Amino acid sequence: MIIGSIVNGIVIDHIPAGRGMELYTNLELKNLECEVALIKNASSIKLGKKDIVKIGERIPLDYDILGYIDPRITINIIEDGKLIKKMHPSLPQTITGVIKCRNPRCITSTEQELPHVFKLTDRENGVYRCIYCETKAKQSKEQG
Amino acid sequence: MRHLIEIADIPIHEMDELIEKSLDIIANPDRYSDKCHGKRIATLFFEPSTRTRLSFEAAMQDLGGNVIGFAEGSNSSAAKGESIADTVRTVECFADIIAMRHPKEGSAYVASQNVDIPVINAGDGGHNHPTQTLADLLTIHRELGRLDNLKIGCCGDLKFGRTVHSLITAMSRYDGVEFVLISPEELQIPEYLRSEVLERNGSTYTETTSLKHAIPDLDVLYMTRVQRERFFNEADYIRLKDSYILTPEKLSAAKETMRVLHPLPRVNEISTAVDRDPRAAYFRQVKNGKFIRMALILKLLGVK
């Protein structure tokens with residue numbers, strides 16, 4: 001499969017295979033007018049398989065979302081067809097409105113207007129917990 | 001500490017201050033009988049409670065303050081669908097401090113984010129109940145004279161028991177505290193408590209299924225209920241339930257200085273015959289709850 005290279009924009013690389021759509025949704029890329037490509041299960045020397053997102057415009061990115069999905073993600077900024085910057089997000093301390101608390105006993109289950117906020121409690125293992133009930137966030141793969 | 005939502009909100013030096021203050025209140029009750037004159041506590045209990053609500057109300061009255069509130073959610077506008085934020089903003093107009101119990105986990109935290117007066121979590125579902133832990137710590141201190149260098153046995157339902165989780169969190173910060181976790185395999189402590197509390201604090205702990213074998217070495221035995229509904233099948237429950245009932249016979253193997261604590265209410269996990277033993281500290285623990293709540297109210301209101 002061939003997807004053309006971009007002249008000005010962003011390539012989000014090394015997304016864990018299967019999580020590209022989650023990233024696409026959480027970054028609200030469907031609202032963009034420019035070209036966006038989501039490539040699933042591309043072969044990768046480092047990861048075996050990976051997802052890639054290509055965005056044909058330089059847009060502000062929410063690094064917290066990228067870092068939450070995987071801090072090993074690579075963000076490549078392309079200008080005039082050249083790679084001008086390469087970076088990795090870090091695990092955010094808190095993340096709001098991305099993970100939904102699934103605990104039926106959590107106050108967020110009845111108070112609908114409360115934001116769903118998760119905080120990083122174990123950096124080594126990337127564990128996030130709901131700030132209200134401390135329930136551990138499930139990784140998207142587990143959420144099915 | 002502006003609010004008390006979970007036990008980890010209290011740094012160890014403030015914990016020690018609260019215990020010191022409680023001991024002073026116990027020794028000199030008259031000195032404190034008017035300290036909260038003109039102050040009012042709102043006890044917002046969205047679900048029933050015997051000990052905790054009465055303890056908060058008695059604590060404020062013994063400080064010379066006043067009490068308003070409700071004892072069940074159906075008596076409040078929550079029954080009409082009012083949010084916690086709106087409820088506490090309203091209560092803030094009438095009270096200087098709030099003690100709140102609510103069935104939903106995280107409710108007290110939400111309350112604390114919406115008011116300028118102190119909020120005390122008096123139990124948010126199965127999540128946190130920090131003033132119970134304060135009562136536990138004051139009891140251990142009064143009965144044994146220290147909070148460090150203790151061997152603490154926690155027995156029963158260690159998986160779902162919030163009081164045990166808070167006790168382990170609080171006590172793991174003291175030097176030389178060793179935990180003996182006594183439970184059926186199905187009801188062992190949750191993984192996060194192991195990795196994010198015990199191992200992070202470098203605490204020593206052992207796990208066993210036998211209360212009988214563990215009891216001789218303990219300084220404190222913290223009992224909790226093993227509930228039938230926690231088991232996957234009836235056969236396991238029947239096989240195991242009696243192992244976790246404290247009887248005078250099992251207690252006979254314990255040290256004379258060992259103390260038995262229980263957050264109460266108990267069902268059958270401590271035989272009533274144990275009540276007469278001087279090592280049974282659980283009713284003294286209830287009384288200590290009032291004293292440390294007095295100290296906490298003073299602290300949060302900034303009253304010396």
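The values are calculated or read from the model by the stated rules, or taken from the named source; none is laboratory data. Here the structure is a predicted model, which means the values were calculated and not measured. Every residue, glycine as well, gets a Cβ built from its backbone with ideal geometry; the counts of neighbours run over all protein chains shown. When the accessible area is computed, the model is the full protein with side chains, heavy atoms only, and any ligands, DNA or RNA have been set aside. Shrake-Rupley method; radii C 1.70, N 1.55, O 1.52, S 1.80 Å.
Taking the Cβ-Cβ separation of B:Glu17 and A:Lys85 as r and a Förster radius of 56 Å, what is the calculated FRET efficiency to the nearest 0.05? Present the calculation step by step, with values, prior to reporting the outcome.
On the way: r = 52 Å, r/R0 = 0.92.
Rounded to the nearest 0.05, the efficiency is 0.60.
Between the stretch B:82-119 and the stretch B:284-304, what's the alpha-carbon centroid distance in Å?
Between the Cα centres of the stretch B:82-119 and the stretch B:284-304 lies a distance of 19 Å.
Can you check how the C-alpha radius of gyration of the stretch B:23-74 compares to 2.2 N^0.38 Å, as a plain ratio? Could you put the intermediate results ahead of the total?
Details: Rg = 12.4 Å, N = 52, 2.2 N^0.38 = 9.9 Å.
Cα-based Rg divided by the globular estimate yields 1.25.
For the interface of chains A and B, what total accessible area is buried with a 1.4 Å probe, rounded to the nearest 100 Å²?
Interface between A and B: roughly 1300 Å².
Looking at the stretch B:131-285, how many pairs of lysines come closer than 16 Å at the Cα, when each pair is eight or more places apart or spans two chains?
On the way: B:Lys151/B:Lys212; B:Lys151/B:Lys255; B:Lys159/B:Lys241; B:Lys212/B:Lys241; B:Lys212/B:Lys250; B:Lys212/B:Lys255; B:Lys241/B:Lys250.
Total qualifying Lys-Lys pairs in the stretch B:131-285 comes to 7.
In the P(r) worked out for chain B, what percent of Cα pairs fall beyond 33 Å?
Numbers: 11263 of 46056 pairs.
When every Cα pair of chain B is considered, 24 percent fall beyond 33 Å.
Restricted to Cα positions, what overall size does the stretch B:167-227 have along the principal axes? Three whole-Å values, descending.
For the stretch B:167-227, the Cα spread along each principal axis is 28, 24, 16 Å.
Counting Lys and Arg as +1 and Asp and Glu as -1, what is the net charge of the other residues whose Cβ lies under 12 Å from the Cβ of B:Ser74? Intermediate values should be presented prior to the final figure.
Working: positive: B:Lys80; negative: B:Glu47, B:Glu72.
Net local charge, B:Ser74 excluded: -1.
Taking the Cβ-Cβ separation of B:Arg200 and A:Lys30 as r and a Förster radius of 30 Å, what is the calculated FRET efficiency to the nearest 0.05? Write down the numbers at each step before the final one.
Details: r = 41 Å, r/R0 = 1.36.
The calculated FRET efficiency here is 0.15.
Taking the convex hull of the Cα atoms, report for the protein assembly as shown its projected area averaged over all directions, in nm². Could you put the intermediate results ahead of the total?
Working: hull surface 106.0 nm².
Taking the Cα atoms of the protein assembly as shown, their convex hull projects to 26.5 nm² on average.
Ignoring ligands, DNA and RNA, what percent of the 1.4 Å accessible area of chain B is carbon and sulfur? Before the final figure, lay out the partial values.
Working: 5970 of 12700 Å².
With neighbouring chains kept in place, the figure for chain B is 47 percent.
Short version: ³J(HN,Hα) in whole Hz for each residue of the stretch B:120-129, in order, from phi by Karplus 6.51 cos²θ - 1.76 cosθ + 1.60 (θ = phi - 60°), x for Gly and Pro, what are they?
10, 7, 9, x, 10, x, x, 8, 10, 8
When the dipole is taken about the Cα centre of the stretch A:9-87, and only Lys, Arg (+1) and Asp, Glu (-1) are charged at their Cβ, what size is it in debye, to the nearest 20?
Details: 12 positive and 12 negative charges, 91 e Å.
Roughly 440 debye for the stretch A:9-87.
Could you run the Karplus curve 6.51 cos²θ - 1.76 cosθ + 1.60 with θ = phi - 60° over the stretch B:14-19 and give me ³J(HN,Hα) per residue in whole Hz, x for Gly and Pro?
Result, rounded to whole Hz: 6, 4, 5, 4, 4, 5.
Please give the direction-averaged projected area of the C-alpha convex hull for the stretch B:84-160, in square nanometres with one decimal.
Details: hull surface 26.9 nm².
The Cα convex hull of the stretch B:84-160, projected and averaged over all directions, gives 6.7 nm².
If you split all Cα-Cα distances of the stretch B:240-304 into 10 Å bins from zero, what percentages do you get per bin, shortest first?
18, 41, 22, 14, 5
Check the straight Cα-Cα distances from B:Lys290 and name the lysines below 23 Å, setting aside those fewer than 8 residues away within the same chain.
Leaving aside lysines fewer than 8 places away in the same chain, those within reach of B:Lys290 are B:Lys21, B:Lys35, B:Lys39, B:Lys299, B:Lys304.
Which FRET efficiency value, to the nearest 0.05, do you get for B:Tyr192 and A:Leu47 by plugging their Cβ-Cβ distance into 1/(1 + (r/R0)^6) with R0 = 30 Å? Don't jump to the answer; show the numbers that get you there.
Details: r = 28 Å, r/R0 = 0.94.
Given R0 = 30 Å and the Cβ-Cβ separation, E is 0.60.
Using amide H atoms built in the peptide plane, which far-off residues or other-chain residues are under 5 Å from A:Thr135 H to H?
It is A:Cys130, by chain and number.
Under a point-charge model restricted to the Cβ atoms of Lys and Arg (+1) and Asp and Glu (-1), what is the dipole moment magnitude of the protein assembly as shown relative to its Cα centre, in debye to the nearest 20?
260
When the helices in chain A are scored as -39500 (n - 2.57) per DSSP H run of 4 or longer and the sum is shared across all residues, what 222 nm value do you end up with, to the nearest 500 deg cm²/dmol?
Numbers: 3 runs with 18 residues, N = 144.
Counting only the DSSP helices, I get -3000 deg cm²/dmol.
Taking the alpha carbon gyration tensor of the stretch B:1-138, what are the square roots of 5 times its eigenvalues, largest first, to the nearest whole Å?
Details: eigenvalues 119, 60, 36 Å².
Whole-Å semi-axes of the equivalent ellipsoid: 24, 17, 13.
Round to the nearest 10 and report in Å² the accessible area of B:Arg194, as given by a 1.4 Å probe over the protein chains' heavy atoms.
Roughly 50 Å² of B:Arg194 is accessible to a 1.4 Å probe.
Would you grab the residues whose amide H sits under 5 Å from the one on A:His116? Only those 5+ places off in sequence or on another chain, please, with H modelled 1.01 Å from N.
Counting only residues 5 or more places away or on other chains, the set is A:Gly97.
Once the piece of chain linking B:Phe283 and B:Thr247 is laid out straight, how much longer is it, given 0.36 nm per residue of separation minus the C-alpha distance between them? Mind showing how you got there, number by number?
Numbers: separation 36, 0.36 × 36 = 12.96 nm, distance 1.69 nm.
Gain on extension, B:Phe283 to B:Thr247, equals 11.3 nm.
Rounded to the nearest 5, what is the percent of antiparallel bridges among the DSSP beta bridges in the protein assembly as shown?
Numbers: 30 of 65 bridges.
If I count the DSSP bridges inside the protein assembly as shown, around 45 percent turn out antiparallel.
Taking Rh as the Kirkwood radius computed over C-alpha pairs, what is the Stokes-Einstein D of the stretch A:94-138 at 25 °C in a medium of viscosity 0.890 mPa s, expressed in µm² per second? Before the final figure, lay out the partial values.
Values: Rh = 10.5 Å.
Answer, rounded: 235 µm²/s.
Spelling out what I want: for every residue of the stretch B:49-62, take phi, set θ = phi - 60°, compute 6.51 cos²θ - 1.76 cosθ + 1.60 (Karplus), and round to whole Hz; glycine and proline get x.
Karplus values, whole Hz, x for Gly and Pro: 7, 9, 5, 5, 5, 4, 5, 5, 5, 5, 4, 5, 5, 5.
With only alpha-carbon atoms counted, please give the Rg and Dmax of the stretch A:9-87, in Å.
11.7, 32
Using only protein heavy atoms and a 1.4 Å probe, report how much of A:Ile3 is accessible, in Å² to the nearest 10.
Roughly 70 Å² of A:Ile3 is accessible to a 1.4 Å probe.
Give the long-range amide H neighbours of B:Ala280: residues separated by 5 or more places, or on another chain, with amide H under 5 Å away, using H modelled in the peptide plane at 1.01 Å from N.
For B:Ala280, the qualifying residues are B:Val260.
Per residue, how big is the convex hull of the stretch B:78-212 when only Cα atoms are used? Give it in Å³. All intermediate terms of the calculation are to be shown ahead of the outcome.
Numbers: hull volume 18.7 nm³, N = 135.
Expressed per residue, the convex hull around the Cα atoms of the stretch B:78-212 is 139 Å³.
Taking Cβ-Cβ under 4.7 Å as the only way to count a partner, pick out the unpartnered cysteines of chain A.
Lacking a cysteine Cβ partner under 4.7 Å: A:Cys34.
What does the charge count around B:Val303 come to, taking other residues whose C-beta lies under 14 Å from its C-beta (Lys +1, Arg +1, Asp -1, Glu -1)?
Working: positive: B:Lys21, B:Arg31, B:Lys35, B:Lys39, B:Arg40, B:Arg293, B:Lys299, B:Lys304; negative: B:Glu17, B:Asp24, B:Asp34, B:Asp62, B:Asp96.
That works out to +3.
Please give the charge dipole size of the stretch B:131-285, origin at the Cα centre, charges +1 on K and R Cβ atoms and -1 on D and E Cβ atoms. Round to the nearest 20 debye. Don't skip to the end; give the middle numbers.
Details: 21 positive and 23 negative charges, 82 e Å.
Charge dipole of the stretch B:131-285: 400 debye, to the nearest 20.
Give me the distance in nm between label points sitting 7 Å out from Cα along the Cα-to-Cβ direction at A:Ile77 and B:Arg31, one decimal.
With each label placed 7 Å out from Cα toward Cβ, I get 6.4 nm.
Please give the net charge around B:Asp34, taking every other residue with its beta carbon less than 14 angstrom from that of B:Asp34, where Lys and Arg add +1 and Asp and Glu add -1.
Working: positive: B:Arg31, B:Lys35, B:Lys39, B:Lys304; negative: B:Asp30, B:Asp62.
Net charge around B:Asp34: +2.
For the stretch B:186-210 and the stretch A:62-135, what is the separation of their Cα centres, given in Å?
First find each Cα centre; the distance between them is then 28 Å.
Compute the normalised compactness of chain A: alpha-carbon radius of gyration over 2.2 N^0.38 Å, N being the residue count. Show your work: numbers first, answer last.
On the way: Rg = 16.4 Å, N = 144, 2.2 N^0.38 = 14.5 Å.
Normalised Cα radius of gyration, chain A: 1.13.
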